[in-house]
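Here's the structure we're looking at; comments come further down.
The values are calculated or read from the model by the stated rules, or taken from the named source; none is laboratory data. Values in this document were obtained by computation on a predicted structure and should not be read as measured data. No Cβ is skipped: glycine too gets one built from the backbone with ideal geometry, and neighbour counts run over all protein chains shown. Only protein heavy atoms, including side chains, enter the accessible area calculation; ligands, DNA and RNA are left aside. Shrake-Rupley method; radii C 1.70, N 1.55, O 1.52, S 1.80 Å.
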Amino acid sequence: HWHGAARAPNPTGAMLTTPAAQNEENAPGCMAGCQDGCKAIATCWKPLLYAQPWIALAPIVAAPKKVTPMVYTPRAGRFVVAFCGSGTGHMTQTLAVTQLLKARGMELAGIVLDVDASQKMIDETLAPLGVPRLVLPAVKLVDPQNGTVPTIVTLASLVTGLHQLKKMYGEIEDFFKEARAEVILSFWHVTLAYYLRDRPPPYGARISNVAPQFALRSLEVRELHFWEIIGKATIDVMASLFLQTGPCFSLSATPKPDSLPPILELPAPATSFYPRLVLCYFLAQNDAIRLERLLAQYSINGVEFHCFTADALTPPKGRPLSLASHKKQRALFRHYFEQCTGIICSTGNETIWEGVSRGVPVLTVPT
């Protein structure tokens, strides 16, 4: 039945009403069965499409029948941070907040990451912090070669990852017992959210979740196109797990309810646009390959291009690369960022916000 298709159960047992469903109640004249307030049959399918991931994953996102709190004594001022993925956005936010809290006298007790984190990232940025690390299964959103994976792959990886996670419950609880964290800060670590929903920290400890993805909840389904609806629904399903663990805050460049300003390493503003250097950062290897071929065909004199990807590009047969290719590494990336006069990057948030703060033009490429 279409009426109510955009509503899904939330952890309290009440109905989670989407903006589209709210619009329906204020849209007299909307066609029978229409959910999105569009008053046109051409878009009546949108709420039904949005509801599909919710229906498919209802057993996962439903509130657990039994909740067993972890047993440990929180120590004041100790905190654990968590982030996911192979990109730099969530990690940079994690590190920035870690530095802020340590400057205020708090003690970092542990880091939770996932299997997608590169060894280079771990060695360069996490190992020097000198605290225990816990690696959990990942939810696959991006393929390092081709970009965003099909939604069915993301949903399947969520199911598979949670199955693997349940086998690690003892190891996870031991990690938190040793950490004795008073505060758990999660920067979009989905599998950890699932665990914390089943095994919340003891009384006296608290969880906060921070990620730009939480802002997608405010988008109205009726205003989106097909793939945008699929993406929003997938992210909203995962966000529902976080909502069951503690308060959730989005990151936004404009004031919004339950949001924080962008968390980033504020770069030095550009004072000159010469010499010209374009910094490129892609989550998908194929995007870098396409750019390299374009530059080989249409060379740009007087502009230096430095491109960072999961792995350095292989020079094609018969000619050198048309750009400087680098395996993703934080120190070298920051070195060229401080010199860049333009940025080409995958869609995201951190690099874009930093580019705007630096005052250079930014071109984004959908992942």
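Elements of the type helices (runs of 4 or more DSSP H) sitting completely within the range 251-367 and holding at least 1 residues that are closer than 20 Å to Met91 by Cα and open to solvent by 50 Å² or more (accessible area, probe 1.4 Å): these cover 330-337, 350-358. Please enumerate the residues belonging to the range 177-212 that are over 23 Å from the mean Cα position of the chain (by Cα) and among the hydrophobic types (A, V, I, L, M, F, W, C). If the condition is that a residue be over 23 Å from the mean Cα position of the chain (by Cα) and among the hydrophobic types (A, V, I, L, M, F, W, C), then Ala179, Ala181, Ala205 are the ones that fit.
Determine whether the range 235-244 contains at least one residue that is out of contact with any helix residue (DSSP H, G or I) (no Cβ under 7 Å at 6 or more places or on another chain) and part of a loop (DSSP other than H, G, I, E, B). No: the range 235-244 contains no residue that is out of contact with any helix residue (DSSP H, G or I) (no Cβ under 7 Å at 6 or more places or on another chain) and part of a loop (DSSP other than H, G, I, E, B). When Ser157, Ser186 are checked against the criterion of being at pLDDT 80 or above and in contact with a helix residue (DSSP H, G or I) (Cβ under 8 Å, 6 or more places away or on another chain), Ser186 stands alone in meeting it.
If you check Ala156, Ala193, Ala181 for being more than 27 Å from Lys256 (Cα to Cα), of a type in the set (A, V, I, L, M) and either in a helix (DSSP H, G or I) or out of contact with any Phe, Trp or Tyr (no Cβ under 6 Å at 6 or more places or on another chain) (or both), only one passes: Ala156. Going residue by residue through the range 229-236, is there one that turns out to be at pLDDT 90 or above and over 19 Å from Val190 (Cβ atoms)? Looking for residues that are at pLDDT 90 or above and over 19 Å from Val190 (Cβ atoms), one finds at least one in the range 229-236, hence yes.
The set of residues in the range 56-89 being touching a residue at least 12 places away in the same chain (Cβ under 8 Å), open to solvent by 30 Å² or more (accessible area, probe 1.4 Å) and in a helix (DSSP H, G or I) consists of Ala56, Ala58. Within the range 150-197, the set of residues being farther than 17 Å from Ala82 by Cα and either among the hydroxyl-bearing types (Ser, Thr, Tyr) or surrounded by 20 or more Cβ atoms within 10 Å (Cβ to Cβ) (or both) comprises Thr151, Thr154, Leu155, Ser157, Leu158, Thr160. In summary, Leu129 fulfils each of the numbered conditions (1) out of contact with any strand residue (DSSP E or B) (no Cβ under 8 Å at 6 or more places or on another chain); (2) without any contact (Cβ under 8 Å) to a residue 60 or more places away in the chain; (3) open to solvent by 30 Å² or more (accessible area, probe 1.4 Å) with the single exception of condition (1).
Mind checking which residues of the range 217-233 are open to solvent by 10 Å² or more (accessible area, probe 1.4 Å) and in a helix (DSSP H, G or I)?
Once the filter is applied, which keeps residues that are open to solvent by 10 Å² or more (accessible area, probe 1.4 Å) and in a helix (DSSP H, G or I), the range 217-233 yields Arg217, Ser218, Arg222, Glu223, Phe226, Trp227, Glu228, Ile230, Gly231.
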